[in-house]
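Below: the structure, in structure tokens.
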Number of protein chains: 2
Amino acid sequence: MSKNKIRAEIVEKLRKLGEQLEKEIQKNKDPEISMPIRTLSNAYFDDNSKLIRLGDKVQTRNFFNVGQARKFMQTALIAAQIKELLEQDKPSISTRQLYYILKRTIDGLKENTFEEQSESDPIIEDLEVSIDALREDLGLEPTPDGVFSGPIKYTDLKTGDEIDCSKMGTAGAAIPANTEPGVVKFGKCTAKYVLVVEKFAVWSILNQLKYWKTNNCIIITGKGQAGRSTRRLVARLNKELKLPVYVFADFDPYGYYIYSVYKQGSINLAFFSEKAGCPEAKYIGLKHDDVKQFKIPKSNFIRLTDQDLKRLKEIKNYEWFKKKEWQEEIKKATDFGYKIESDALVSKTIEFMADTYLPKVIKDKDWLD
Amino acid sequence: MSKNKIRAEIVEKLRKLGEQLEKEIQKNKDPEISMPIRTLSNAYFDDNSKLIRLGDKVQTRNFFNVGQARKFMQTALIAAQIKELLEQDKPSISTRQLYYILKRTIDGLKENTFEEQSESDPIIEDLEVSIDALREDLGLEPTPDGVFSGPIKYTDLKTGDEIDCSKMGTAGAAIPANTEPGVVKFGKCTAKYVLVVEKFAVWSILNQLKYWKTNNCIIITGKGQAGRSTRRLVARLNKELKLPVYVFADFDPYGYYIYSVYKQGSINLAFFSEKAGCPEAKYIGLKHDDVKQFKIPKSNFIRLTDQDLKRLKEIKNYEWFKKKEWQEEIKKATDFGYKIESDALVSKTIEFMADTYLPKVIKDKDWLD
């Protein structure tokens, strides 16, 4: 779907929302906006799709309700502003910038439209959910923080530039703030899989060694906990180009969790998770059994802290970690008493992860699902 | 200078260091490494170069000194390891990865070479200073965090890729971890100046509007407080390509400080600051007088916190802010009692900063020096 068509569809949805409100007002009815509830109580792990999803509980927001009138006004303001920006094909902005555009003292009152960004952000999320569109498609973009490289080209539909991700030097290609189909159009891709790497410094070694070339894959890092645009990029490579996704993270509860966010998303962004998850993603390491198999030296072990142990316990109870293999892994990690960073593999040789570890675990399907 | 030549020079310096130690040992002398002191007491603002520099106080580190023996051993280990990695032309690694490579239990002792990364990091800095080379040239690279675009090409000497920064889409070109001459070789550049933008979301609007094309410049963001590779890139564009540098930041003490770090560096990285500063950089805003001149609406003002006021006081006392124009600016900001984010300019129009504000302040030389 073209950039303009996506935009036109969203403008139409927003127009309909406004039209509905207008009709209600003209009929002297109480104008009402209804939308799925975004609270944790309405988020769940869907065992069929293996994704964290939003349930079907709905809330309504009315103008003639003292507790809801301010939020109603704010929702209408945000919807109208977004519609205007999209119609005029303005540059995308941040949610903070949208807040600045809309914050003003209401004529004739001493009240401001918004006092803090913490008032506008949840309403943007409400709107995303109610018209079933990601904020990126509404022209609201986060700060991205990842890089990738490999045998794939994409066209940036906003600028028309074609980016060849196999020619981006040691820096790699910066992941755009918006990786939706309206901006990123995949071109030729000969990669066979996507390797998601938790840490930049690990990704950088793989990139310098051109692991992506030798192994015909795309290597991506979100620099720790991944942002929206990195997650959506990985999900689109998975869904649209049918590339398997392997996640390479630290052997610690945070590594497990980062993997799970790429795979099935997170509870507090359940609406986004439906669209950004990769339910088939595999966790290729570091895993408990790698310690013995690859003789990781004891000097690289770091003792688990109380915080780590607490986090392991929490993760063990997440529904999406209830599979037998994960319960065993978490138990082994807890009993082991140490964590190990993926960086530590350099203590074998700098090339070890690229030449031995990664090709072997991927070939042997030595992963957790 | 070619990548290989730079590497060969550093290997030679490290070889000489080792040779000197070997000679002392063979003469039954106490082996000794001397290096400039890196503590704050030896850092100063040099009014001639307008840079924060390291003074000439020197320390020695001896093997036959109970208090220094461990550090001496660690210094020798790090120097030897770096020499080996450079000689073998290995991929660059992070300082954490170097720590993992070197951490081990010493044969015959119960002691480890290093216990924590906090032991190896300062020694890497010592080594940088003592052989007068940046860690990037030693093959130790930080995680970069910036993007840039504009009419400039560069060749990545590690991969041979030529990057055209005018064709990098909405993402811009990722700033490499290492922007030293051994990696980044500037090619054709028709830009007339460098615009450093504090915030990604502001940079993103300018990039989407192709401000760099209309105004024939390079736009760079370090996403807040800039990292090493962003600072060095800006400094090299300034020194080698003779491009003036303009910094566009928030109207608050952090905006002022970010500017000052690009300009004259910071006290705690004085050795790096000598090489990464741009003493001619100008602060183009937001400034106190912009509020009136550009009629920034009151709804965008944010009251200064106690923390902000404290920081303003500190900054006022920094030697490099002692110029009359800066003392006045800081006084006005303090009296004004509010701060304003650069983002707030979108409340005029989204294009306002690109079409009006920036071209005007640059044309009028309406800046602080």
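The values are calculated or read from the model by the stated rules, or taken from the named source; none is laboratory data. These numbers come from a predicted model, not from an experiment. Positions of Cβ are backbone-derived with ideal geometry, glycine not excepted, and every protein chain shown enters the neighbour counts.
Quick notes on this structure:
- The single residue among B:Glu198, B:Glu180, B:Glu125 that is in the same structural domain as B:Pro91 (by TED's automatic domain parsing) and within 26 Å of A:Gly224 (Cβ to Cβ) turns out to be B:Glu125.
- Residue in the stretch A:278-287 that is surrounded by fewer than 24 Cβ atoms within 10 Å (Cβ to Cβ), within 14 Å of chain B (Cβ to nearest Cβ) and in a strand (DSSP E or B) present: no
- Listed by first and then second residue, the pairs linking a residue in the stretch A:79-91 that is facing another protein chain (nearest Cβ under 10 Å) to a residue that is of a type in the set (A, V, I, L, M), with Cβ atoms under 7 Å apart and 6 or more places separating them unless they lie on different chains, are A:Lys90/B:Ile350; A:Pro91/B:Ile205; A:Pro91/B:Leu209; A:Pro91/B:Ile350.
- The helices (runs of 4 or more DSSP H) found wholly in the stretch A:291-369 and carrying at least 2 residues that are away from chain B (no Cβ under 14 Å), over 30 Å from B:Pro91 (Cα atoms) and at pLDDT 95 or above occupy A:306-317, A:324-336.
- On the stretch given as the stretch B:188-237, residues that are within 13 Å of the chain's Cα centre (by Cα) and of a type in the set (Lys, Arg) total 5.
- In the stretch B:92-116, the residue that is surrounded by the most Cβ atoms within 10 Å (Cβ to Cβ) out of those that are among the hydroxyl-bearing types (Ser, Thr, Tyr) and without any contact (Cβ under 8 Å) to a residue 60 or more places away in the chain is B:Tyr99.
- Scope the stretch B:46-76; condition in a strand (DSSP E or B), closer than 28 Å to B:Glu19 by Cβ and within 27 Å of the chain's Cα centre (by Cα); matching residues: B:Leu54, B:Val58, B:Gln59
- Qualifying residue in the stretch B:97-112 (condition: under 24 Å from the mean Cα position of the chain (by Cα) and either assigned to a loop (DSSP other than H, G, I, E, B) or on the phi > 0 side of the Ramachandran plot (or both)): no
- Residues in the stretch A:333-351 that are closer than 12 Å to A:Ile296 by Cα and either in contact with a Cys (Cβ under 6 Å, 6 or more places away or on another chain) or touching a residue at least 40 places away in the same chain (Cβ under 8 Å) (or both): A:Lys339, A:Ile340, A:Glu341, A:Ser342, A:Asp343, A:Ala344, A:Leu345, A:Val346, A:Ser347, A:Lys348.
- Selection status of B:Thr75, surrounded by 19 or more Cβ atoms within 10 Å (Cβ to Cβ), more than 13 Å from every other protein chain (Cβ to nearest Cβ) and in contact with a strand residue (DSSP E or B) (Cβ under 9 Å, 6 or more places away or on another chain): yes
- Matching residues in the stretch A:21-38 - criterion: being part of a helix (DSSP H, G or I) and surrounded by 14 or more Cβ atoms within 10 Å (Cβ to Cβ): A:Leu21, A:Glu24
- Only one entry of B:Leu54, B:Leu14 meets the criterion of being touching a Lys or Arg at 6+ places or on another chain (Cβ under 9 Å), under 16 Å from B:Leu138 (Cβ atoms) and crowded, with 16+ Cβ neighbours inside 10 Å, and that entry is B:Leu14.
- Selected residue (only one of B:Arg303, B:Arg311 is assigned by TED's automatic domain parsing to the domain that holds B:Ala249, within 30 Å of B:Asp121 (Cα to Cα), surrounded by fewer than 21 Cβ atoms within 10 Å (Cβ to Cβ) and without any contact (Cβ under 8 Å) to a residue 60 or more places away in the chain): B:Arg311
- Count - residues of the stretch A:107-124 that are modelled with pLDDT of 95 or more and small (Gly, Ala, Ser): 2
- Test: residue in the stretch A:241-254 that is in contact (Cβ under 8 Å) with a residue 60 or more places away in the chain, away from chain B (no Cβ under 14 Å) and in a helix (DSSP H, G or I): yes
- Counting only strands (runs of 3 or more DSSP E) that sit completely within the stretch A:125-214, those holding 1 or more residues that are modelled with pLDDT of 95 or more, crowded, with 22+ Cβ neighbours inside 10 Å and at the interface with another protein chain (Cβ under 9 Å from one of its Cβ atoms) correspond to A:147-149, A:152-156, A:162-164, A:184-189.
- For B:Leu233: the one exception among (1) more than 29 Å from B:Phe352 (Cα to Cα); (2) within 14 Å of another protein chain (Cβ to nearest Cβ): (1)
- Counted residues, the stretch A:147-166 - those being under 20 Å from the mean Cα position of the chain (by Cα) and of a type in the set (Val, Ile, Thr): 1
- Checked against the criterion of being more than 10 Å from chain B (Cβ to nearest Cβ) and in contact with a helix residue (DSSP H, G or I) (Cβ under 6 Å, 6 or more places away or on another chain), the stretch A:105-119 has at least one qualifying residue.
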